[in-house]
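What follows is a short report on a single structure.
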Amino acid sequence: MTFYGGIEGGGTKFVCAVADDQGTILVRERFPTEDPASTIQRAIDFFTRYQTEQNITLAGIGIASFGPVDLNPASEHYGYITTTPKPGWQFADFAGRVQRAFPDIPVGFDTDVNGAALGEQRWGAAQAWDAFIYITVGTGIGGGAMVNGKPIHGLIHPEMGHILLPMRADDPLDRGVCPFHPNCLEGLAAGPAIAARWNAPGETLPADHPAWDLEAYYLAHAIEAMMCVLSPQGIILGGSVMHQQQLFPMVRQKVVDLLNDYLKHDRLKTFEDVIVPPGLGDNAGVMGAIVLAMNAAE
Ligand code: ZN
């Protein structure tokens, strides 16, 4: 039996897990994201404890991290979280700390959303797709894109949460909440934008609240652009905001309306099986980290 460790490093919480080579989670722990040193150490302690208790050595450890991150192995900041607005985490070394704690174990590193996309491809909703996008809508918004079965890194990595959108005239906000952009997707549609706009956290708003029509409007504009740029076979919408299941039919209908019958394909008539929730639910991120561990071990 081979064992793999995965860390889903989010801006709000960390999830660590050990899984076997079938992807069965054997142990899992979740804790809040505090400062980099103590939070990453807690993840390291989790794996050390499991290895000691079970008398095994992990074959690989995968890290799927919030970002932006440096994914260029030739860079002096490889494995770092870079320009995040999250206090204390600017230029925090993440993969390096884990690698130094486990010098003999290969460590894989990618964005949280590329990780989730890998998890969905191996075990979730994207098993039949070789070009698709995974978007998380939570405290922030990020997107991971897979093309020809591989995550896109490119120059840095995609930052789909920061594409600019037209603000709707009836939006109660004067501008989005992103410190960098007045009208980007994350600043208009992530959890903090919903809370700022309606003076209440999204999870406390009823399903028929006008918040959701506006939320669907912004998500649909972003997805219309993604459909045109990448021609994905599917778009997986995960993250805490997407626990609002009523958003799915609203987003699909608005994407259909925005595309205005321009893209011709049977699957795009309703987007019913194109815009979908994660097959792995809230485990997509940590399962993606397990895939990163498997890839690093190969
Ligand atoms: Zn932004």
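The values are calculated or read from the model by the stated rules, or taken from the named source; none is laboratory data. No experiment lies behind these values; they were computed from the predicted model shown. Note: ideal-geometry Cβ built from the backbone for every residue, glycine included; neighbour counts use all protein chains shown. Areas reflect the complete protein model, heavy atoms only, side chains present, ligands, DNA and RNA absent. Shrake-Rupley method; radii C 1.70, N 1.55, O 1.52, S 1.80 Å.
Is it the case that the stretch 210-219 has a residue that's within 16 Å of the ligand (Cβ to nearest atom), within 20 Å of Arg252 (Cα to Cα), open to solvent by less than 40 Å² (accessible area, probe 1.4 Å) and outside any helix (DSSP H, G or I)? The answer is no, given that none of the residues of the stretch 210-219 is within 16 Å of the ligand (Cβ to nearest atom), within 20 Å of Arg252 (Cα to Cα), open to solvent by less than 40 Å² (accessible area, probe 1.4 Å) and outside any helix (DSSP H, G or I).
Answer yes or no as to whether Val229 is open to solvent by 40 Å² or more (accessible area, probe 1.4 Å), away from the ligand (no atom under 16 Å from the Cβ) and either in a loop (DSSP other than H, G, I, E, B) or not assigned by TED's automatic domain parsing to the domain that holds Val69 (or both). Considered against the rule, which asks whether it is open to solvent by 40 Å² or more (accessible area, probe 1.4 Å), away from the ligand (no atom under 16 Å from the Cβ) and either in a loop (DSSP other than H, G, I, E, B) or not assigned by TED's automatic domain parsing to the domain that holds Val69 (or both), Val229 comes out as yes. Just wondering, is there one or more residues in the stretch 56-66 that are in a loop (DSSP other than H, G, I, E, B), in contact with a helix residue (DSSP H, G or I) (Cβ under 9 Å, 6 or more places away or on another chain) and within 17 Å of Gly115 (Cα to Cα)? Among the residues of the stretch 56-66, at least one is in a loop (DSSP other than H, G, I, E, B), in contact with a helix residue (DSSP H, G or I) (Cβ under 9 Å, 6 or more places away or on another chain) and within 17 Å of Gly115 (Cα to Cα), which makes the answer yes.
For the stretch 193-208, the set of residues classified as of a type in the set (A, V, I, L, M, F, W, C) and either more than 20 Å from Gly142 (Cβ to Cβ) or in a loop (DSSP other than H, G, I, E, B) (or both) consists of Trp198, Ala200, Leu205, Ala207, listed by residue number.
Any residue at all in the stretch 66-88 that is of a type outside the set (A, V, I, L, M), within 13 Å of Phe14 (Cβ to Cβ) and either free of Cβ contacts under 8 Å to residues at least 60 places away in the same chain or assigned by TED's automatic domain parsing to the domain that holds Phe180 (or both)? Within the stretch 66-88 (the criterion being of a type outside the set (A, V, I, L, M), within 13 Å of Phe14 (Cβ to Cβ) and either free of Cβ contacts under 8 Å to residues at least 60 places away in the same chain or assigned by TED's automatic domain parsing to the domain that holds Phe180 (or both)), the answer is no, since none of the residues qualifies. Which residues, taken from the stretch 51-60, are in contact (Cβ under 8 Å) with a residue 40 or more places away in the chain and either open to solvent by 100 Å² or more (accessible area, probe 1.4 Å) or among the hydroxyl-bearing types (Ser, Thr, Tyr) (or both)? Thr57, the sole residue that qualifies. Of all residues in the stretch 1-47, those that are part of a helix (DSSP H, G or I) and of a type in the set (Val, Ile, Thr) total 3. Selection of the stretch 259-280 for residues being open to solvent by 100 Å² or more (accessible area, probe 1.4 Å) and not charged (D, E, K, R) yields Asn260, Tyr262, His265.
Applying the set (1) surrounded by 13 or more Cβ atoms within 10 Å (Cβ to Cβ); (2) within 16 Å of Ala92 (Cβ to Cβ); (3) more than 19 Å from the chain's Cα centre (by Cα) to Gly11 leaves exactly one unmet item: (3).
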